[in-house]
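This report refers to the structure that appears directly beneath it.
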Amino acid sequence: MQQLQSTSSRITHMLQQLSSMLELKQVQALITKAGLHSHVPFIAKLIAFSALSPMGNLSHAKSLFQQTSIDNNPFLCNTMIRAFANTSLPIQALYIYNHMQSINVIPDHFTFNFVLKACSRAYKSIQECGGKCKEGLAIVCKGSEVHCRVLKLGFHEDPSIQNSLLYMYCQFGSVPIAQHLFDQMSSRSLVSWNIMISAYDRINDFESADYLLESMPHKNVVSWNTVIARYSRLGNIEAARRVFQLMPERNAVSWNSMIACCVSAKDYAGALTLFSEMQDSEVKPTEVSLISVLGACAETGALEVGKKIHEYLKLCDHNIDGYLGNALLNMYSKCGCLSSAWEIFNGMSIKSLSCWNAMIVGLAVHSYCEEALKLFAEMENRLGTIRPNRVTFIGVFIACSHKGLVDKARWYFNHMVNQYKIVPDIKHFGCMVDLLSRWGLLEDAYQMIKTSPFQNSAVLWKTLLGACRTQGNVDLAEISFQQLAKLQHLTDGDYVLLSNIYAEAERWKEVERVRSEMVVLHAPKQAGYSRIDINESDNFS
């Protein structure tokens, strides 16, 4: 007995000092060896560290949770719900809540805060991924069901839960319901006011947002951050910058909002400059900051900055997963550093759909076609946990195009429609037209354009016109040129392209006619330019 007490004391001390997954597994082994694997307080600490610590591993936490008897212990459920609510897979949090209900574990006020947040995040995730309407509706219904449960158990007066309900309904777009709840609140915090102001901003009801902003008894940095977020959505960087410069105080979110504003407006150089200024101001970057900056690195090819962020995360022993892991993966993929992208991808304990897509598209774009298709096949083998979407198939078509796999691409196109019920959009048709044109099947490409819902797309006809020069097909070039003329004002590039096609076919009269027509019609010229990067921000500490 004395030895067991000594072991328990040692385990307790080790659990308090945990700083890595390696240490956690050593403690877990000691717990198992001592026969204490059913001791819930010890297992709870293991789960909490694995699930919530930046150095943890959520997949390991889930495994521990599934092996543990929950009984009537809401703490373990709350820990897992909270952890998943903060990931790119918030729907998992709702599954755990449902399981909690099915075995009659009584929720507490923490449970509802985490579950309502999970509902908000799940709905947003579905919207961002272009999910089906019924999936979004299911989340809305779940949120309403949780609200009813809150009322039944008497938690509706809890200020934190009231704010969580406000936020959830605002995320659902149900602003009138949120306003009704807001009006009924006996005590409104700054959080409540800011949630409502942000909600009206999102639906472009700036009059109501400004009225609430003026009516607030006090304003804080979050209130001003909301205004910056408004200008960011409107693409008005200068207005956002003015608010940012005039703010009485700034926090990390203020910097994050400005960096995100630059990224959304495609001012990637501005985003990197702001990030450097943020460091100079000794404001510690948050995960949101790093995700935005990695997005800017991906678009500008600023690989060295991205690498420094990665090194910083490794130095801090930060768990690279979820949105941050996806941002790193996307950055390495777009910068062509696929070995590092693979390292991130394989190291992620939970891979969201966007991670799979980033890896498949990255491999395809950089001509690793067989690897891209192999990864897609592996993805299809996991249909229980992940399901391809329209972005996935764009990667598949690009891979087929680089390799000349025409028949396979056609099969995948039909597979996308028949198996996954994905309605092809202009990008899918663009990939297929490019593939057929690239490999000399111009007539097939022409028929695909003619029978698609996007036959009035200038992009598709431009693709075909460009391929006609490569393949020397004058007849289809003339048809493509005529279709382009119907759809948009022709540029000098369009005329020169057709002229070159005639010249290569030695049809000199047509060459002269096209050149003359270009002059008479004053075809607009696109100014050429050169660009050179003299220096690149590499300041990260």
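A few remarks follow.
- Taking all protein chains together, LYS374, LYS462 sort by accessible area into LYS374, LYS462, largest first [probe 1.4 Å].
- Cross-linked pairs LYS266/LYS351; LYS307/LYS334; LYS334/LYS427; LYS334/LYS421: Cα-Cα separations exceed 20 Å for LYS266/LYS351; LYS334/LYS421.
- Rounded to the nearest 20 debye, the dipole size of the stretch 317-464 about its Cα centre is 380 debye, using +1 on the Cβ of Lys and Arg and -1 on the Cβ of Asp and Glu.
- About the Cα centre, charge dipole magnitude for the stretch 153-285 (Lys/Arg +1, Asp/Glu -1 at Cβ), debye: 240
- Positive-pole candidate from GLN92, SER187, LEU165, dipole of the stretch 57-197, charges at beta carbon: GLN92
- Prolate/oblate/rounded call for the stretch 282-332, Cα gyration tensor, a/c under 1.5 rounded: rounded
- For the stretch 269-286, putting each phi into the Karplus relation 6.51 cos²θ - 1.76 cosθ + 1.60 with θ = phi - 60° gives couplings of 4, x, 5, 5, 5, 4, 4, 5, 5, 4, 5, 4, 7, 6, 8, 5, x, 9 Hz, in residue order, rounded to whole numbers and with x for Gly and Pro.
- Portion, in percent, of the accessible area of the chain that falls on carbon or sulfur, probe 1.4 Å: 53
- Computed with a 1.4 Å probe over protein heavy atoms only, the accessible surface of the chain comes to 51 Å² per residue.
- When you filter the GluC sites (Glu not before Pro) in the stretch 278-356 for DSSP loop state and at most 15 other Cβ atoms inside 10 Å of their Cβ, you are left with GLU282.
- Set of aspartates and glutamates near LYS314 by C-alpha distance (under 18 Å), chain-local residues within fewer than 8 positions excluded: GLU23, GLU287, GLU304, GLU343, ASP538
- In a DSSP loop and with at most 16 other Cβ atoms within 10 Å, the trypsin sites (Lys or Arg not before Pro) in the stretch 378-456 are ARG382, LYS421.
- By the rule of a C-alpha distance below 17 Å, with chain neighbours fewer than 8 residues away ignored, the aspartates and glutamates paired with LYS134 are GLU145.
- Listed options for mean projected area of the Cα convex hull in nm² are [x] 25.3; [y] 26.9; [z] 31.2. The value calculated from this structure is the one marked [z].
- The phi torsions of the stretch 407-413, fed into the Karplus equation with coefficients 6.51, -1.76 and 1.60 and a -60° offset, translate into couplings of 4, 5, 4, 4, 5, 4, 4 Hz, rounded to whole numbers, with Gly and Pro shown as x.
- Cα-based shape type of the stretch 332-388, given that a ≥ b ≥ c are square roots of the gyration tensor eigenvalues and the cut on a/c is 1.5: oblate
- Karplus 3J(HN,Hα) series, Hz, for the stretch 488-505 with 6.51 cos²θ - 1.76 cosθ + 1.60 (x for Gly, Pro): 7, 6, 6, 9, 4, x, 5, 5, 4, 4, 5, 4, 5, 5, 5, 5, 5, 8
- Global geometry of the stretch 328-441, whether rounded, prolate or oblate, following the gyration tensor of its Cα atoms and the 1.5 cut on a/c: oblate
- Dipole magnitude of the chain about its Cα centre (Cβ charges: Lys, Arg +1; Asp, Glu -1), debye to nearest 20: 1080
- Charge tally for CYS468 (other residues, Cβ to Cβ under 9 Å; Lys, Arg +1; Asp, Glu -1): -1.
The values are calculated or read from the model by the stated rules, or taken from the named source; none is laboratory data. Values in this document were obtained by computation on a predicted structure and should not be read as measured data. Backbone-built Cβ (ideal geometry, glycine too); neighbour counts: all protein chains shown. What goes into the accessible areas is simple: the full protein's heavy atoms, side chains included, and nothing from ligands, DNA or RNA. Shrake-Rupley method; radii C 1.70, N 1.55, O 1.52, S 1.80 Å.
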